[in-house]
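In what follows, a structure is listed as structure tokens, so that the remarks can point back to it.
What follows is calculated from the coordinates using simple rules that are stated; it is not laboratory data. No experiment lies behind these values; they were computed from the predicted model shown. All Cβ positions, glycine included, derive from the backbone under ideal geometry; neighbour counts span all protein chains shown.
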Amino acid sequence: MKLVIAVVQNEDADAIVEALLERQFRATRLASTGGFLRRGNTTLLIGVEDDEVETVLGIVRERAKTRVRQESPQGTVQGAAATIFVIPLEDCQRL
């Protein structure tokens with residue numbers, strides 16, 4: 001099993017969670033803040049079988065959008081569409 005931790009922009013979170021649910025994936029949604037611009041984000045925790053990781057990553061890739069976050073005289077700053085961590089998970093239980 002793997003734990004997929006996806007940090008996404010708030011604007012994309014609903015679409016990503018809906019798409020995950022359509023494919024029978026469950027996600028825990030947490031409000032988070034961080035990054036260069038210290039903007040609010042949504043962190044999704046998704047426990048999946050090893051062979052489902054690419055499907056989950058594909059869902060996030062399809063629905064996460066890169067946006068211009070700040071315009072300044074020095075240039076444009078774009079926020080990442082998503083930051084994703086995939087880590088081994090020894091056990092996952094739904095009680």
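Testing the spin-label approximation: label points 7 Å from Cα along Cα→Cβ at Asn10 and Cys92. State their distance in nm.
A separation of 2.7 nm, rounded to one decimal place.
Any chance you could run the full-extension gain for Glu18 through Glu54? It's 0.36 nm times the residue separation minus the Cα-Cα distance, nm to one decimal.
Details: separation 36, 0.36 × 36 = 12.96 nm, distance 1.73 nm.
Answer, rounded to one decimal: 11.2 nm.
Can you tell me which of 85-91, 6-12, 58-64, 18-24 comes out highest on packing, and rank the rest after it, using the mean Cβ neighbours within 10 Å?
Numbers: 85-91: 10.0, 6-12: 18.9, 58-64: 16.9, 18-24: 12.4.
So the peptides 85-91, 6-12, 58-64, 18-24, ranked by packing, come out 6-12, 58-64, 18-24, 85-91.
Length gain on complete extension for the stretch Arg39 to Leu3, per 0.36 nm per residue less the alpha carbon to alpha carbon distance? Intermediate values should be presented prior to the final figure.
Working: separation 36, 0.36 × 36 = 12.96 nm, distance 2.40 nm.
Taking 0.36 nm per residue and subtracting the Cα distance, the gain is 10.6 nm.
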